[in-house]
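Okay, structure first, notes after.
The values are calculated or read from the model by the stated rules, or taken from the named source; none is laboratory data. Predicted, not measured: the structure shown is a model, and the values here were computed from it. When we count neighbours, we look across all protein chains shown, and the Cβ atoms used for this are built from the backbone with ideal geometry, even at glycine. Remember, those area values only see protein heavy atoms, side chains included, never the ligands or the DNA or RNA. Shrake-Rupley method; radii C 1.70, N 1.55, O 1.52, S 1.80 Å.
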Amino acid sequence: KMKIIDSDNYLSLNWENLLNLNDDKWIGFCQKRRYWIKQESAGVEINRDNLKSHMLVEADASWTDFDAILCKPIKVSGAKKMKIIKRGWRNILQNPSLLFNENKETIKIHFDMHHGYGRLEKAIELVKHDQVNDFKNYVNNNNEYNPHIMVISKNHILNEWFKDLFDWLFACEKTFGFKNLYGYDSERLYAYLA
């Protein structure tokens, strides 16, 4: 069960009341139109009629040595050259090889191009101090990530993640606000940061 409180058109949810932190059960999160499926269902055509039979609804026995399960990573590199020139011109000025080397199209470059130049760097400065360097290193050196805020994990891991995530997002909200966020790519900045 989940308790949702409607307050001025915003839904708020206190995850700490929902998680039994003394419990060692798996909890999973999915997204609208994106679901966890059974491993043997990979490659099968799934539709509205057979979705329930393919959905993952319980922990797999092979997970015993893991603390969390993430969906497959997606690459952010491979943008068309024209899009890189149009949206990433500031990045090109700093590093022209971006046009010729797909591996240079990092998460940071992608975020700069689509969600506001420099915003990710500014946001990273707001995470817990001991996480700043790891976060910067990750976005500056990788061109793939695990998308959709989808995770299956043990309660205590999720609790830590939610605390850090929401503390960070609230700090970002104080820095960026909402007034100067316009257009699809910017209006949803906090969802993209999450």
| request: Within the stretch 156-176, identify whether any single residue is closer than 23 Å to residue 98 by Cα and modelled with pLDDT of 90 or more, and answer yes or no. | output: no
| query | Hey, does the stretch 62-70 have a residue that's under 18 Å from residue 146 (Cα atoms), modelled with pLDDT under 95 and among the acidic types (Asp, Glu)? | reply | yes
| request: Sort through 107, 92, 157 and tell me the only one that's surrounded by 12 or more Cβ atoms within 10 Å (Cβ to Cβ), without any contact (Cβ under 8 Å) to a residue 24 or more places away in the chain and of a type in the set (A, V, I, L, M). | output: 92
| request: Give me the pairs, please: first residue somewhere in the stretch 125-148 and touching a residue at least 12 places away in the same chain (Cβ under 8 Å), second residue anywhere and open to solvent by 100 Å² or more (accessible area, probe 1.4 Å), beta-carbon distance under 7 Å, and either six or more positions apart or on two chains. | output: 143/75; 143/103; 144/75; 148/34
| Selection within the stretch 136-194 - more than 16 Å from the chain's Cα centre (by Cα), part of a loop (DSSP other than H, G, I, E, B), at negative phi and not aromatic (Phe, Trp, Tyr) | 179, 180, 181
| query | residue 122 versus (1) open to solvent by 40 Å² or more (accessible area, probe 1.4 Å); (2) in a loop (DSSP other than H, G, I, E, B): which is the lone unmet condition? | reply | (2)
